[in-house]
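For reference, the structure discussed in these notes is given below.
The values are calculated or read from the model by the stated rules, or taken from the named source; none is laboratory data. What you see is a predicted model; the values in this text were computed from it and never measured. Cβ placement follows ideal geometry from the backbone for every residue including glycine, while neighbour counts extend to all protein chains displayed. We work out accessible area using only protein heavy atoms, side chains counted, and drop any ligands, DNA or RNA first. Shrake-Rupley method; radii C 1.70, N 1.55, O 1.52, S 1.80 Å.
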Amino acid sequence: MDKKKIASTIQTLPKSLTGIQGLDEITGGGIPKGRPTLVCGSAGCGKTLFAMEFLVHGAMMYNEPGVFLAFEESEKDLAVNVVSLGYDLDKLVADKKMVLDHVHVERKEIEETGEYDLEGLFIRLNYAIDSIGAKRVVLDTIETLFSGLPNPLILRSELRRLFQWLKEKGVTAIVTGERGEGTLTRQGLEEYVSDCVIVLDHRVTEQSSTRRLRIVKYRGSTHGTNEYPFIIEETGFSVLPITSIGQEHTVSSERISSGIPRLDTMLGSKGYYRGSIVLVSGTAGVGKSSLSACFSDAACARGEKVLYFALEESPRQIKRNMRSIGIDLEQWEKKGLLVFHAKRPTFYGLESYLTAMHKAVNDFKPMVVVIDPLSSFIIGTNQFEAKSMIMRMVDFLKINNISVFMTHLTTGVNDYTGIDISSLIDTWLLLRDIELGGERNRGMYILKSRGMAHSNQIREFKLTDHGVELLDVYVGPEGVLTGSSRITKEAKEKAEQLLRNQEIENKQLALDRKRKAINAQIDFLKAEFEAEEIETLKNIELNKLRENLLLQDRVDMAINRKGDIIIKTSKLHKPKGNDAKTK
Amino acid sequence: MKNRINRMSDEALEFEQAIENAESAIYHLRLYVAGTTPYSVMAIANIKKICEEYLKGRYELEVIDLYQNPTLAKGEQIIAAPTLIKRLPLPLHRIIGDLSVVDRVLVGLDLRKAKAK
């Protein structure tokens, strides 16, 4: 945005901001200031609204009063027509910020005699401009004069003079014109208004209508050359250039649960960010709606309001189906926390659907919006419009910090969204079928999740009667297994483990036995040794006694023979020994 | 307006009556001009001549300069200049141009039946 503003100031051609969403971006700052711009298109394409918005925004936002010269509708009709957009023309007129003038030309009241000019119109316009100091002028639709006044030659020259005069007057003018056969306008107004030409178009392809805007010509300025889809919504005219998405919304770092504990764990243990855009894509029957129901259920349980846009199923059917997996949405609906909005976009048309969504969101002020499924916005070949529309909507929801949960039905494995909106998505869950061993199982993984460390694992996704469960898949040397293959594999592993456990037990028992045997042996040896020891000690004692006795005998004998033997040990002469001998 | 409703029954007769009425009714005419352009001068001269010739003594003519009364342009739904408005008798008619084609002016003033129409 800032860059664009800078760019527009560099340009030499002064421009006048229209205030119309998206248009100022593709024109690089609005329509040429002080010059007339031609806005043409077929009936009902929004020319008058375009012009009116230009004036109202000028008067309200840019302090540029404006004159609306209406050739087709009366002042009253004009005011009534734009009341629904929240514009109070009567007040603007009273505040001298706008002049409405209905130029009424009745052919049958007019008789033409001789030469004349349109000075009356000039005076009228001049007076209106000067009375409020108008900077903007709308002539809607000046071609009506051709049916009211008989002489086209005079008209043509007068129109040329009028546009010249408007330029000299320095007002930024919008001239509207009805689209003609082979020409941009029925009376060839593009000949006179050559500075900027914008064509509006209302097309119906494959039963769905889209409005488009194209800048055919913009003298002295670059401009977006594409056909841009535009819509007329609650807030008025809105052109949808892809790049003009406002990115100034506040960002919340609050985390909210997905309603599935295991999924929260996968999302950095905390769940989604508040105000983020979550997309679940997958083929038919993989459980996208169940995930949205889980999320809605969790949000309601937190006391948050949820707006559920059911684009294909009826609310009753959703409630019944979700009851089967143990989610009771009815209770929240009764408490007023959950509101279903069930209408097919084919019923409304994209544009009106967006308007209806805006209205529903503004009325209910939810914290969570569920769109199930996104794919029903695509009807035929309107992908581009659908994308722009979804973008606008997502943008609108994001600005309001509303968490968005969208599902998308894909047809193939590689077809992630169908509409290329991946850049919008903050958290993207992918559900897919895993066919293996003659059965189909659901697998889920996180394709991306901005701003959090998330799991890279595939989880088996199971719908049980008590909600959604995420299971680890079997990852082993034989690859990733799910469903009964996983169960068989797991059972097989269990049996193997049992066998191994038994073996270990056996070995331990054998060891125990051996230990016991050895211990017994040790005990026996010990006993044997002890017996031997006692015997030996006894012998030693006996021998000692015998020796002493012998010695004593010898001493005694020597004493008897009165021999002179040297008694070496006094011990032997102790009375004790004598005692013993005497004993 | 009543004339118009009854017209279906006997259009020719009604028309004759209208012309008869026109011959006696008071005419209230306003000529709006834009300053003193040649068209204005021509128109003023022409209408004066026509009035004197066809409506002598039973007409009121106002000549208004739009430059001096710009609000009247809106109020009277004027876009072309000069514009002559026949305010009375009804129906209201606008005659635009310099009034140089007398026949057509008379048709516009309901003083003569239109030939080609």
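Within the range B:70-91, the set of residues being open to solvent by 60 Å² or more (accessible area, probe 1.4 Å) and in contact with a helix residue (DSSP H, G or I) (Cβ under 9 Å, 6 or more places away or on another chain) comprises B:Thr71, B:Lys74, B:Leu90. Regarding the range A:82-90, can at least one residue be identified that is within 24 Å of A:Leu145 (Cβ to Cβ) and either part of a loop (DSSP other than H, G, I, E, B) or within 14 Å of chain B (Cβ to nearest Cβ) (or both)? There is no residue in the range A:82-90 that is within 24 Å of A:Leu145 (Cβ to Cβ) and either part of a loop (DSSP other than H, G, I, E, B) or within 14 Å of chain B (Cβ to nearest Cβ) (or both). Taking the listed residues A:Gly412, A:Gly380, the one that is among the small types (Gly, Ala, Ser), farther than 22 Å from A:Ile231 by Cβ and either at pLDDT 80 or above or in the same structural domain as A:Leu307 (by TED's automatic domain parsing) (or both) is A:Gly412, with no other qualifying.
The one condition from (1) modelled with pLDDT under 80; (2) open to solvent by 60 Å² or more (accessible area, probe 1.4 Å) that B:Ile19 does not meet is (2).
Check every one of the strands (runs of 3 or more DSSP E) wholly within the range B:58-117 and list those with 1 or more residues that are in contact (Cβ under 8 Å) with a residue 60 or more places away in the chain and more than 9 Å from chain A (Cβ to nearest Cβ).
The qualifying strands (runs of 3 or more DSSP E) are B:83-88.
Which residue out of A:Leu69, A:Leu89, A:Leu100 is closer than 21 Å to A:Tyr192 by Cβ and either touching a residue at least 24 places away in the same chain (Cβ under 8 Å) or in the same structural domain as A:Lys169 (by TED's automatic domain parsing) (or both)? Before the answer, list the steps.
On the way: A:Leu89 fails: closer than 21 Å to A:Tyr192 by Cβ; A:Leu100 fails: closer than 21 Å to A:Tyr192 by Cβ.
Only one candidate qualifies: A:Leu69.
Every residue in the range B:24-37 that is without any contact (Cβ under 8 Å) to a residue 40 or more places away in the chain and either open to solvent by 90 Å² or more (accessible area, probe 1.4 Å) or within 14 Å of the chain's Cα centre (by Cα) (or both), please. Within the range B:24-37, just B:Thr36 meets the criteria. No other residue among A:Ile425, A:Ile419, A:Ile434 is modelled with pLDDT under 80, within 25 Å of A:Met389 (Cα to Cα) and of a type in the set (A, V, I, L, M) apart from A:Ile419. Can you name every residue in the range A:162-174 that is touching a helix residue (DSSP H, G or I) at 6+ places or on another chain (Cβ under 7 Å) and surrounded by fewer than 20 Cβ atoms within 10 Å (Cβ to Cβ)? Within the range A:162-174, A:Trp165, A:Lys169 qualify.
Determine whether A:Ala342 is farther than 22 Å from A:Asn456 by Cβ, modelled with pLDDT under 85, assigned by TED's automatic domain parsing to the domain that holds A:Arg392 and of a type in the set (A, V, I, L, M, F, W, C).
Numbers: farther than 22 Å from A:Asn456 by Cβ: yes; modelled with pLDDT under 85: yes; assigned by TED's automatic domain parsing to the domain that holds A:Arg392: yes; of a type in the set (A, V, I, L, M, F, W, C): yes.
Spelling it out, A:Ala342 is indeed farther than 22 Å from A:Asn456 by Cβ, modelled with pLDDT under 85, assigned by TED's automatic domain parsing to the domain that holds A:Arg392 and of a type in the set (A, V, I, L, M, F, W, C).
So, of the residues in the range A:122-161 that are of a type in the set (Val, Ile, Thr) and out of contact with any helix residue (DSSP H, G or I) (no Cβ under 6 Å at 6 or more places or on another chain), which turns out to be farthest from A:Ala94 (Cα to Cα)?
A:Ile154
For the subset of the range A:266-294 comprising residues that are modelled with pLDDT of 85 or more and of a type in the set (Val, Ile, Thr), which member is surrounded by the fewest Cβ atoms within 10 Å (Cβ to Cβ)? That would be A:Ile277.
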